[in-house]
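So the structure is just underneath, and the comments pick up after that.
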Amino acid sequence: MLEQRHQWKNKQLREHVAVINGDLSPTLVLKNARFLHSVLNQWMTANIWVYEDRIVYVGEEMPENHRGEIYDCNGKTLVPGYIEPHVHPFLLYNPQSFAEYAAKTGTTTSINDNLMLFLALEEKKAFSLLEEFRSLPVSMYWWCRYDGQTELENEEEVVSNAAVKSWIEHDAVVQGGELTGWPKLLGGDEMMLHWIQETKRLRKRIEGHFPGASEKTLTKMALLGADSDHESMSGQDIYKRLMAGYMVSLRHSSIRPDLEVLLQDMKDMGLNQYDMMMFTTDGASPSFYREGILDWMIAKAIEYGIPPISAYHMASYNVARYYRMDHLHGMIAPGRIANINILQDEFHPSPVSVLSRGQWIKKEKETLSFPEIQWEKFGFGPLKLDYSLKEEDLQFSMPFGIELVNNVITKPYSLERDMSAEEIATTDDESFLVLLDRQGKWRVNTTLKGFTSKVEGLASSFSNTGDILLIGKCKREMERAFNRMKEIGGGIVLAEGEKVIYEIPLALSGIMSTKPFEEIMDKEEKLKELLTERGYLYNDPLYTLLFLSSTHLPYIRITPRGMYDVMKKTVLFPTIMR
């Protein structure tokens, strides 16, 4: 598993040389190409020869006896395909649908979170799925988690030494992290430190997750092995990370749309060296991507005065060098994978045509459809719940509940009402809240304040742990939503007035959809609209649902072990066995 990630066989390498010798024809020539030469740091003009999935020549010559395609780039500008270094490919969309949509915008390489694969699939099937993804006309890499981002019942078994090491050693994995469990590491977790050491031994990177970290914390984490961080929320945050030697990701995501603030702060502070910076959208909700992905971020950086070459490098060359894959990615030069974006000019980063692994993903107005993934073969299929709700599952007697402060931050609050009634009045913003084990073994019952004032029943199998969330004002509508969610094999369901009013089926284990990305955008926007009409005050309900059980954020979470105080690292009330 330690072989080179993208390896051409000897026969192929000989063919590449034969193209230069004139014994074979390139499959594609990009003629008269004005392109970004990332080593010389300037715009140049040349003819670019591609053979199958690889760039084999960049220079003045044209091939003799050429029998392949010639694409005249006159009047256009070429840049390397964009690289997204921090993708969570399970926000209703799936890795294949995200990759297909992203490639059309010029992002042809992604580095993906393995959390859902790690938690949902046995190792053999997960690794077989990674191999299947290699059949897609994009470049797809992964990272390895060191914790489940929640309090799992059997964490030692799920996040075991053997399992983590297998992922670390996999050739598609290029980094460890993100380090959401860094407080445990600072607190003396020797196993996590051992995994970091093993990752570094394999010359792979470690990504941090350090929101609000002080200079001393950043320094300690650098000493323990952290190489980068994506949690800068101000220019000062960027400065502290650069001072500590970190690679800094500038983030623009649906819960942290920070890019313009960061760019302005950088401008005001005179931070004008960009070699240790890259862009990320940090796994945004689907509709957030309507305006683009890295192409939008590049355009915004240029608008704020970052030189175009530096802006493009932040989405390509910088990323490739950081991950030690610049022999394959991040520049237009011989030997690199043929990931090339063809632009109107350098001031318009959204490509008119996209070449990925030597294939036209987008050619003017034509686009390529990606191969289908046979998900069930790898263990992803409709969610099958072999139990029904019982009356006691909707009994609430806890002395305090969870209050939303924003999309994802929570705090405890004291309950002052009797929660034994069938319904909660719509005059306030309290709701019943249940986390129900997908196997039907346990439950956690509390209340949620600040979510909505009028949602009668919502059921969601989309959650950080893959367990079932029930939220609502009316127990019978919560039950109705649960029954419909169970019937469709997982998803998000809204019920009110004795009927189901909206649903998003999630056919892949109740977590992800098989539908095209554009369709999922529409479905998520409609869900947001319906929730907003019913009193949802924030802008990202998917992350609200996802992070109710995530223990990397303060303060109170519902987890498979029970109500959990993140700051004190204690279970306040254990789960109730069903």
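The values are calculated or read from the model by the stated rules, or taken from the named source; none is laboratory data. These numbers come from a predicted model, not from an experiment. Note that each Cβ is placed from the backbone with ideal geometry, even for glycine, and that neighbours are counted across all protein chains shown. Keep in mind that these areas ignore ligands, DNA and RNA; they rest on the heavy atoms of the full protein, side chains included. Shrake-Rupley method; radii C 1.70, N 1.55, O 1.52, S 1.80 Å.
Quick rundown of the values:
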{"item": "When residues of the range 160-179 are limited to those that are open to solvent by 10 Å² or more (accessible area, probe 1.4 Å) and part of a loop (DSSP other than H, G, I, E, B), the one farthest from residue 562 (Cα to Cα)", "result": "171"}
{"item": "Checking residue 139 against (1) surrounded by fewer than 20 Cβ atoms within 10 Å (Cβ to Cβ); (2) closer than 25 Å to residue 312 by Cβ, the condition it does not meet", "result": "(1)"}
{"item": "Single residue of 122, 155 found to be open to solvent by less than 50 Å² (accessible area, probe 1.4 Å) and more than 19 Å from the chain's Cα centre (by Cα)", "result": "155"}
{"item": "Of residues in the range 95-114 being crowded, with 22+ Cβ neighbours inside 10 Å and free of Cβ contacts under 8 Å to residues at least 60 places away in the same chain, the one farthest from residue 178 (Cα to Cα)", "result": "95"}
{"item": "Cross-chain or 6+ apart pairs with Cβ under 6 Å, the range 48-67 first and over 21 Å from residue 80 (Cβ atoms), then open to solvent by 30 Å² or more (accessible area, probe 1.4 Å)", "result": "64/22"}
{"item": "Residues that are in a strand (DSSP E or B) and surrounded by 11 or more Cβ atoms within 10 Å (Cβ to Cβ), drawn from the range 403-425", "result": "403, 404, 410, 411, 412, 413, 423"}
{"item": "Some residue of the range 538-551 being over 18 Å from the mean Cα position of the chain (by Cα) and either closer than 25 Å to residue 378 by Cα or of a type in the set (D, E, K, R) (or both)", "result": "no"}
{"item": "The range 466-491: number of residues that are touching a residue at least 24 places away in the same chain (Cβ under 8 Å), open to solvent by 10 Å² or more (accessible area, probe 1.4 Å) and assigned to a helix (DSSP H, G or I)", "result": "5"}
{"item": "Residue that is farthest from residue 111 (Cα to Cα), among those in the range 224-253 that are of a type in the set (S, T, N, Q), part of a loop (DSSP other than H, G, I, E, B) and open to solvent by less than 10 Å² (accessible area, probe 1.4 Å)", "result": "232"}
{"item": "Residue within the range 199-209 that is touching a helix residue (DSSP H, G or I) at 6+ places or on another chain (Cβ under 6 Å), buried (at least 23 other Cβ atoms within 10 Å of the Cβ) and of a type in the set (Ser, Thr, Tyr) present", "result": "yes"}
{"item": "Where residue 132 falls short, out of the listed (1) in contact with a Leu (Cβ under 9 Å, 6 or more places away or on another chain); (2) open to solvent by 10 Å² or more (accessible area, probe 1.4 Å); (3) more than 27 Å from residue 311 (Cα to Cα); (4) not aromatic (Phe, Trp, Tyr)", "result": "(1)"}
{"item": "Elements of type strands (runs of 3 or more DSSP E) in the range 1-89, at least 1 residues being open to solvent by 10 Å² or more (accessible area, probe 1.4 Å) and either of a type in the set (Ser, Thr, Tyr) or over 30 Å from residue 169 (Cβ atoms) (or both)", "result": "28-37, 42-51, 54-59, 69-72"}
{"item": "Boolean, residue 275 is open to solvent by less than 60 Å² (accessible area, probe 1.4 Å) and of a type in the set (Asp, Glu)", "result": "no"}
